[in-house]
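Here it is: the structure, laid out below.
No value in this document is a laboratory result; all are computed from the given coordinates. Keep in mind that this is a model prediction, so the values were computed, not measured. Cβ placement follows ideal geometry from the backbone for every residue including glycine, while neighbour counts extend to all protein chains displayed.
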């Protein structure tokens, strides 16, 4: 579609677009209730805000972190019932002096009934409860998320579905707490400076608008923070995320907690407006509805999810009724009885089902996916002769000690690993000196990658020890080993495919940044400083590759050439500022020219204080760059020494080419 | 009745229920075993089966208010009912696979499962729109004969459930272990690429698995209607949950596991309902599901851990 | 010289990509009736992709694969296999929860309605007496070498025209490797054409009539086994030296 302004609009950077859009949207939002004559519209809009909050909350869990939560309505329920119990006076507990300060503050009352012990009745104010229920929901989010941590996608979803079902059943049956199936009524409406919100939709509209604006702002901040990158890394490739220093347990629980908190806000708001809460409001179809909103809008796309939520809300409240009118009119026109009796609102769930099926088959990324606006390469950039990296220099690298390798950096002793019946590592003993470049070679299946996996903690050893700088690292999880200064690349390249080059690199910096949730949301000066520094670090690392990666920093890595993907992976590993770098077949798939370029870089790394262990198959590369070569075969170290010596070793040749066959009789 | 008699009664009831759950779980587990898909729509196919059965019976002139049948008319009616319903649900399952799932065969992640959720919703609401939200009465074909077991009793309906259920399971077992199709199914479930290399048309095997599994769901749906005497658009949900838990408990992908799991959950439902009250059975069953998935994803008899990440 | 017939399999100018990775770069070779041909290569040479291309598990972007003059490069795996090509896949890929007998039965799937099951079964048991002894044992409980025997036996059940073996020596102890290659030669002497993809150069060339060496997706050497064995370049090409 060629709209005249669209091209210009798309050319603007995202921050500029936001600067323009935000006041415009806010203005529309603020003015709308005064412009529309019908209070019903305002009411519908206020209700729609609940949907938007839920969608934004689930977006954090599913969209950002990739955790499919099919029981999200549970948090909606906990938020709703949380406030409901606190503000409806239904729950009756025995009075104790604990409650005196709260009675003072007007949040509870003492009920005196002659002949019975005194009870306390709750009627907490709305505003503090908003924060309290958010926190309670966050706790439940982590609680429900915890059992799923080791489960893969589908199973995780089922467990969350389970919790999503248990909550309304508990609500239906724990009558003392929730008044069972009848639900809670008479929930206290919010009061602001003496003004009671009552039953008019207008104050709720503005409250909802405020909450949505806050949730959108928080989502955007989270997405563009260290936290958001960690989530997206986990979503794209949890294994690689761990290998770059992201603690998957911590961040998954965070995602559940944050998502639940936003859902809780939605619940509290909804129930304050409705003044009732019943278990039927929080059943599985509600969870599915929220999923529909996120799938329709686009997983991870904030604006998509907001628009889809508004669409679904208006579908329910307005669109379907209007359409039904048209269908009735058509029926009268055509004289069809059935058409005149159609009530489209009852087919709402049918529509949801259709949306899910159609989106999954035809457009899994959603209708309004988070667009990565990428400038096409200029003619010059496309035609540019690839320039090799300039002088290899990294500001943070400790200079190599004079005198070459002189102290052991990595000491492996008696390392053993069996997979089923196969011995992948048999009593491997190896010492790597600081400042060396050691190559590990051997035929297929000799255990080279297993060795890397053992060193980096991806796989636990059956026996043996691995010491880095004298400290035992065997048994530590991968993300901790990264903080000790060990980084790696993978044989099959494990980049975060839907993220850009820069984002991939910044994940590498994760372990050395500090921003947490509050830092991500509020961006105090020290967080902004560390983000700036991280970007500078990324640019510096990118320099090492000449003009290969520089023009493509904002491109999603899935579109890069194979060689550039390899380079990005190496750059990402360098971002962790390793003292030991493990590269698994870094030149695989590269042509001779690209291989030579990379070899230049490899040779320079020890000079920067980075010890390198290389798995390689191109023996000429190995000969050229290595100080030492180690040969593995069937999990056993069969040779070790200077490159030339190893290459002509009979045992090595035999390992690769097979034992000379005995002459048949 | 003494406590023993109460327990005995609940065991009889539980086993009868368990047969139904087992049939439903079997179809579900077969599909999982072959393509590692959690097929939510399976339980909606089950629900649809009851309505198909209603239509078939109405077409045969058997209505909800009518008398029960005996002897040859009963057997004849049952035979037609089962054959036609199972065929229809089988075809429905195949349609779902071809139209919705085949294009997603190579997509990783949860997209296929989400699609089955969508299909489930579509089916549920199609039935809701066609038949309305009220409960539909299912013709009580089976006469209400009872026999005493001590102070407990066993009904004719339950006997029929056991007999037909065992026949179907035996037939399935024979199919899977003795026939070529069954071996193709087992081969495909164990290693799809190797199966192709043996000349097996894996696509066809998948279609047949869906057909068989959905047909079994159809049988299970008739059990529901005949046993309980009613149906509604919502029954796929609770019964489905129980069948799903049965499959997971027994070991997802394992056929004997589905049977064992089904019987276990049936017993849990009736004994648990007796001990703790019916309203908590859902919570109990969901808790079993969660515990199994978190601590023993292989289930009781499951042979292998799911591969897909 | 062994008597060999016409061209059975013709692999011509095949280019294959995995995503943006150019794995096979115009690979060509042919296999004639009655021969043992070996495709050799080290890691990342692309040799396994060749096998997958023949079997239809991977589609070539360019080039053709013809069997007995008929193109097979567009067909599905189960159709290709019906034409008389029997695979012994890398890693054996026996059906772990089926017995040896059931695995062999699966091997005969494409000819299951034809008579001759007993004759083929006897032949296989003749080559591998161990399999007869253990025929009711579950294949998943066999050792690597035993599984290799089973995989070969399974492939022989249809009396194929072409037996394609992908790295039969992988993961096997050296003495077992010798036995396996002895058996391969025996099978060829009984009349089956054999295509062996191997990393173990010496073993492969000890039984092959002709061979091709693949390096980084290209055929860098070709000739009779004798020629290749005597060629000083093979070690260099094979280990990846420039």
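Please build a GNM for chain B, connecting alpha carbons under 10 Å apart, and tell me which residue among B:181, B:241, B:141 fluctuates the most.
Of B:181, B:241, B:141, the most mobile in the Gaussian network model is B:181.
Any idea what % of Cα-Cα pairs in region A:81-179 are farther than 23 Å? Show your work: numbers first, answer last.
Values: 2067 of 4851 pairs.
Taking all Cα-Cα pairs of region A:81-179, the fraction more than 23 Å apart is 43 percent.
Starting from 0 in steps of 10 Å, tell me what percent of the Cα-Cα pairs of region A:408-657 lands in each bin.
That works out to 7, 30, 35, 21, 6, 1, 0, in percent per bin.
Run the helix sum for chain B: -39,500 (n - 2.57) per DSSP H stretch of 4+ residues, divided by residue count, reported at 222 nm to the nearest 500 deg cm²/dmol.
Roughly -24500 deg cm²/dmol at 222 nm, from the helical runs in chain B.
Further, regarding this structure: Once you sort the root eigenvalues of the Cα gyration tensor of region A:175-275 as a ≥ b ≥ c, which label holds: rounded (a/c under 1.5), prolate (a/b larger than b/c) or oblate (the other case)? Display every interim value, and only then the final one.
Working: a/c = 4.41, a/b = 1.99, b/c = 2.22.
Taking the square roots of the gyration eigenvalues as a ≥ b ≥ c, region A:175-275 is oblate.
Follow-up question, since we're still on this one. Rounded to the nearest 0.05, what FRET efficiency do residue A:339 and residue B:178 have when you use their Cβ-Cβ distance and R0 = 56 Å? Don't jump to the answer; show the numbers that get you there.
Numbers: r = 54 Å, r/R0 = 0.97.
That pair, residue A:339 with residue B:178, gives E of 0.55.
Another question, if that's okay. If I take R0 = 45 Å and measure r between the Cβ atoms of residue A:427 and residue C:189 in this structure, what FRET efficiency does the formula 1/(1 + (r/R0)^6) give, to the nearest 0.05? Each step should come with its number before you reach the end.
Working: r = 42 Å, r/R0 = 0.93.
Plugging the Cβ-Cβ distance into 1/(1 + (r/R0)^6) gives 0.60.
In whole angstrom, how far apart do the alpha carbon centroids of region C:21-98 and region A:200-248 sit?
48 Å
Would you kindly calculate the translational diffusion coefficient of chain A, applying Stokes-Einstein with the Kirkwood radius from alpha carbon pairs, for 20 °C and a viscosity of 1.002 mPa s, and quote it in µm² s⁻¹ without decimals? Provide the component values of the computation, followed by the final result.
On the way: Rh = 28.6 Å.
Translational diffusion coefficient: 75 µm²/s.
While we're here: What do you get for the angle between helix A:592-604 and the principal long axis of chain A? Use alpha-carbon atoms, 0 to 90 degrees, nearest ten.
Relative to chain A, helix A:592-604 is tipped by roughly 90 degrees.
Here is a further query. Please give the calculated 222 nm ellipticity per residue for chain A, where each DSSP H segment of at least 4 residues contributes -39500 (n - 2.57) and the sum is spread over every residue; nearest 500 deg cm²/dmol? If you can, show how the numbers build up before the last one.
Details: 28 runs with 343 residues, N = 665.
Result for chain A, helices only: -16000 deg cm²/dmol.
What is the distance, in nm, between label points placed 7 Å from the Cα along the Cα-to-Cβ direction at residue C:76 and at residue C:218?
Those two pseudo-labels are separated by 3.7 nm.
Need one word for the protein assembly as shown: rounded, prolate or oblate. Basis is the Cα gyration tensor (sqrt eigenvalues a ≥ b ≥ c); a/c below 1.5 gives rounded, then a/b vs b/c decides. Kindly include the intermediate steps, with their values, before the conclusion.
Values: a/c = 2.00, a/b = 1.27, b/c = 1.58.
Oblate is the answer for the protein assembly as shown, as a/c is 1.5 or above yet b/c matches or exceeds a/b.
Pick from B:88, B:55, B:12 the residue whose mean-square fluctuation is largest in a GNM of chain B, springs joining Cα atoms under 10 Å.
The residue that fluctuates most here is B:55.
Determine, from the Cβ-Cβ distance of residue A:224 and residue C:21 and an R0 of 35 Å, the FRET efficiency 1/(1 + (r/R0)^6), rounded to the nearest 0.05. Walk me through the intermediate numbers first.
Numbers: r = 32 Å, r/R0 = 0.93.
The calculated FRET efficiency here is 0.60.
Note the per residue figure in Å³ for the convex hull of the C-alpha positions in region A:241-322. Working shown, then result.
On the way: hull volume 10.5 nm³, N = 82.
That works out to 128 Å³ per residue.
Angle between the Cα long axis of helix A:201-223 and the longest principal axis of chain A, 0 to 90 degrees, nearest 10?
0 degrees
Also: Rounded, prolate or oblate: which one fits region B:230-302, using the alpha carbon gyration tensor with axes a ≥ b ≥ c (rounded when a/c is under 1.5, else prolate when a/b beats b/c, else oblate)?
Values: a/c = 1.84, a/b = 1.41, b/c = 1.30.
Judged from the Cα gyration tensor, region B:230-302 comes out prolate (a/c at least 1.5, a/b above b/c).
Can you give me the three principal axis dimensions of region B:20-235 from its C-alpha atoms, in Å, biggest first?
Principal axes ranked by extent give 55, 41, 33 Å for the Cα atoms.
Enter the mean number of other protein chain beta carbons within 10 Å of the beta carbon of each residue in B:197-208, as an integer.
Numbers: counts 19, 18, 16, 6, 5, 3, 2, 1, 0, 0, 0, 0.
Mean inter-chain Cβ contacts per residue within 10 Å come to 6.
What's the exposure ranking of B:227, A:83, going from fewest to most Cβ atoms within 10 Å? Spell out each step's value before the answer.
Numbers: B:227 20, A:83 29.
The most exposed by this proxy come first: B:227, A:83.
Follow-up question, since we're still on this one. Could you give the nm distance between label points at residue A:149 and residue B:70, where each point is 7 Å from its Cα heading toward the beta carbon?
So the two model labels end up 6.5 nm from each other.
Cut-off is 10 Å between beta-carbons; in what order do B:147, B:131 appear when sorted fewest neighbours first? Before the final figure, lay out the partial values.
Details: B:147 11, B:131 15.
With the fewest neighbours first, B:147, B:131 line up as B:147, B:131.
Next question, about the same structure. Calculate I(q)/I(0) for chain C by the Debye formula, one identical point scatterer on each C-alpha and no solvent, and give its log10 at q = 0.07, 0.11 Å⁻¹ to two decimals.
Taken in order of the listed q values, log10 I(q)/I(0) reads -0.22, -0.55.
Quick check on region A:34-79: what are the equivalent-ellipsoid semi-axes from the Cα gyration tensor, as sqrt(5λ), descending, whole Å?
Details: eigenvalues 169, 28, 7 Å².
Value: 29, 12, 6 Å, ordered largest first.
Give me the tail of P(r) for region C:128-205 as a percent: Cα-Cα pairs with distance above 21 Å. Could you put the intermediate results ahead of the total?
Details: 772 of 3003 pairs.
That fraction is 26 percent.
Springs between alpha-carbon pairs under 10 angstrom, Gaussian network model over chain C: which of C:35, C:133, C:105 fluctuates most?
Of C:35, C:133, C:105, the Gaussian network model singles out C:133 as fluctuating most.
What is the projected area of the convex hull of the Cα atoms of region A:1-66, averaged over all directions, in nm²? Don't skip to the end; give the middle numbers.
Values: hull surface 27.8 nm².
Its average projected convex-hull area is 6.9 nm².
Follow-up question, since we're still on this one. Return a whole-number percent for the relative contact order of chain C, with Cα pairs under 8 Å and 6 or more residues apart as the contact set. Spell out each step's value before the answer.
Numbers: 466 pairs, mean separation 65.1, N = 242.
27 percent.
Relative to the first principal axis of the alpha-carbon coordinates of chain A, what is the inclination of helix A:284-297, with its axis defined by its Cα atoms, in degrees from 0 to 90 and to the nearest 10?
Roughly 60 degrees, rounded to the nearest 10.
Right, here's the next one. Taking every residue in B:279-291, how many Cβ atoms of other protein chains lie within 10 Å of its Cβ, on average?
Working: counts 5, 3, 1, 6, 6, 0, 2, 8, 2, 1, 5, 10, 3.
Across B:279-291, the average partner-chain Cβ count within 10 Å equals 4.
Sticking with this one: Over chain A, what is the mean sequence separation of C-alpha contacts under 8 Å (at least six apart), divided by residue count, expressed as relative contact order in percent? Don't skip to the answer; put the middle values down first.
Details: 1171 pairs, mean separation 103.0, N = 665.
For chain A, the relative contact order is 15 percent.
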